Amino acid sequence: MKTLLASAIAVALFSVAGCAANSATKPAAVSDAKSAYVPKFDPKLLSAEVKTLASDEFEGRGPATPGETKTVAYVIEQMKGAGLQPGGELKDGKREWTQPVPLLRAAITGTPKLAFNIGGKAKKLTQGSEISVRAPLDGAKSVAITKAPVVFCGYGVSAPERNWDDFKGVDLKGKIAVVLINDPDFETGVGDFGGKAMTYYGRWTYKYEEAARRGAAGLLIVHETDPASYGWATVKNSNTNTMFDVVRDDPSATHPKLEGWIQRDLAVSLLKSSGLDFDKLKKLAQMREFKPVVLKHTTFSASYQVDSSVITSRNVVGRVEGAKHPDETVIYSAHWDHLGVGEPDAKGDRIYNGAVDNATGTAALIELGRAFAHGPKPERSVLFLNVTAEEKGLLGSEYYASKPLYPLATTVADINMDALDPMGPAKNWSQSGNAGSELLDEAKTLAQANGLAFTVDPHPEAGHFFRSDHFGFAKRGVPAFSWESGNDLVDGGLEAGEKARKEYVTNRYHQPADQWEPTWTFAGMSHDLGVLYQLGSKLANSRQWPNWASDSEFRATRDATAGDRK
């Protein structure tokens, strides 16, 4: 979990309106000096907004559902009340409140027929139990795979720069690849992939993409809780739901026909039937010399119909225009969507409310917008980007970054907020992943001045850097990071923080239990937003152009557009 930041701000504060009913009230500033303006974020107001967004009325905020309609309308209403101006697409010379995001929507209709055939005997599989298969995102209206050969391909990595190839000599056309999640270094902590810290090669998105590049009929990822960083419930809920993707010219170049996960026990059984030991084969896969293994007398079959169509979802965009440099933009981002209505949990609850993930980030975005709208006018423009379809693969942010409303070359930075801790406070903070940048250095300095120590991502193996909406900006060169609440709690320390994180990941993350709780104080989140405001304000009122660290893989992309920045 992203636990929460901490201590009290020892600077002059002013008060933002204190209840949802009076959310449009303009607060009074204590000083006209931009440097002295530090808003106080009201925990009660944050709580009210999270409670509303995570209520059953919003139906889990699924894209292309009535829940989206209600969510988008609510966020626009709140942004208007906060004093923001529309910052979305241009229409007849005027900005709208939204940016349309065309998405391919796909859902399996009925019950899919899934089975392994081992030595002539069919082993039928139950969707969501031993296996979780995603609706195809290549535009197919049906899937029909009959007795495709099965190949174990280690971690499914092809990394020429690391002299690593898990596919040595195998032709995957028409075959099903079975691979392990995360990087070859995950268990040993040392090697060619950065040790415990996950690279993009460890992400499931990469593994599907690589299978598509090799013409595989499908790819199945073996689920294990530690290397995945979440349990099977998360896999089931995320992958048996309706799937979305950005509309692509050639979707089959990115997605194989079949994408899915299987339980570890099933993988152990499959390998054993071919005379192979799972644990021994995993150890071999952690070495450069590993070679793919065809599973003897084992095939896979799948048959199901697909409801596939192109729909339009929406990013919601509020803006405060800069007084001196309106064409230069600082972005705050957060996603509004969650999983909508899905499979029932043990209590029969089908609504995935997404209170922490990410009603907290959306409420934070609204309140940061209020602070900028009622504070001293910034010299650069500040954008408040509430994106869609994060839960479907960072799609809303990917669409914005690929088709930006404001040029990326003159975008100063993206500050992302995803799953902030509604409790708190904590004595530290972190970022998702471990990428270095001058933006991060600035955040560290400001946080330290507000009593917060920086902690390197305590779970780099989870690959959080690739799992939040800042990633689409980062890979295009824009300095970006995602703020993580601290895990060293004022009340209970690291032990309490890690216990809370584990409880959330196990029992709430991507489950109906991620609901608003009356015990949440929002004290830590309120403090965090003061720091995040100061960071955005400093960038918006300076001539700074923060860059990536000199050894960052994103530095060259940013430097290529240096001529566009004055």
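Values computed for the structure shown
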item	result
Qualifying residue in the range 140-151 (condition: modelled with pLDDT of 95 or more, open to solvent by less than 50 Å² (accessible area, probe 1.4 Å) and assigned to a loop (DSSP other than H, G, I, E, B))	no
Positions within the range 237-252 being open to solvent by 50 Å² or more (accessible area, probe 1.4 Å) and either out of contact with any Leu (no Cβ under 9 Å at 6 or more places or on another chain) or in a helix (DSSP H, G or I) (or both), in sequence order	D249, D250, S252
Where a residue in the range 270-284 is within 18 Å of H223 (Cβ to Cβ) and modelled with pLDDT of 95 or more and its partner, wherever it lies, is assigned to a loop (DSSP other than H, G, I, E, B) and among the acidic types (D, E), with Cβ under 8 Å and at least six apart	L271/D277; K282/E187
Options W548, W516: the member that is in contact (Cβ under 8 Å) with a residue 24 or more places away in the chain, open to solvent by 60 Å² or more (accessible area, probe 1.4 Å) and not charged (D, E, K, R)	W516
Complete set of residues in the range 269-286 that are under 30 Å from the mean Cα position of the chain (by Cα) and among the aliphatic types (A, V, I, L, M)	A285
Residue in the range 183-191 that is closer than 26 Å to T126 by Cα and open to solvent by 20 Å² or more (accessible area, probe 1.4 Å) present	no
Within the range 127-141, tally of residues that are closer than 19 Å to T299 by Cβ and out of contact with any Leu (no Cβ under 8 Å at 6 or more places or on another chain)	0
Flag if D165 is open to solvent by 10 Å² or more (accessible area, probe 1.4 Å) and closer than 20 Å to L281 by Cβ	yes
Index of the failed condition, I351 passing every other in (1) modelled with pLDDT of 95 or more; (2) within 25 Å of the chain's Cα centre (by Cα); (3) open to solvent by less than 10 Å² (accessible area, probe 1.4 Å); (4) not basic (K, R)	(3)
Cβ pairs under 6 Å, 6+ apart, first in the range 65-91 and under 23 Å from P404 (Cα atoms), second among the basic types (K, R)	T71/R61; V72/R314; Q85/R319; P86/R95; G87/R95; G87/R319; G88/R95
The lone exception for G451 - which of (1) among the small types (G, A, S); (2) at pLDDT below 95; (3) assigned to a helix (DSSP H, G or I) it fails	(3)
The range 207-225: number of residues that are open to solvent by 10 Å² or more (accessible area, probe 1.4 Å), in a helix (DSSP H, G or I) and touching a residue at least 12 places away in the same chain (Cβ under 8 Å)	4
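For (1) over 28 Å from T519 (Cα atoms); (2) in a loop (DSSP other than H, G, I, E, B), each residue gets a yes or a no:
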residue	(1), (2)
I311	yes, no
R314	yes, no
T329	yes, no
A364	no, no
A389	yes, yes
K392	yes, yes
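The values are calculated or read from the model by the stated rules, or taken from the named source; none is laboratory data. Everything numeric in this text was worked out from a predicted model, so none of it was measured. Cβ sites come from the backbone with ideal geometry, for glycine too, and all protein chains shown count toward neighbours. Areas reflect the complete protein model, heavy atoms only, side chains present, ligands, DNA and RNA absent. Shrake-Rupley method; radii C 1.70, N 1.55, O 1.52, S 1.80 Å.
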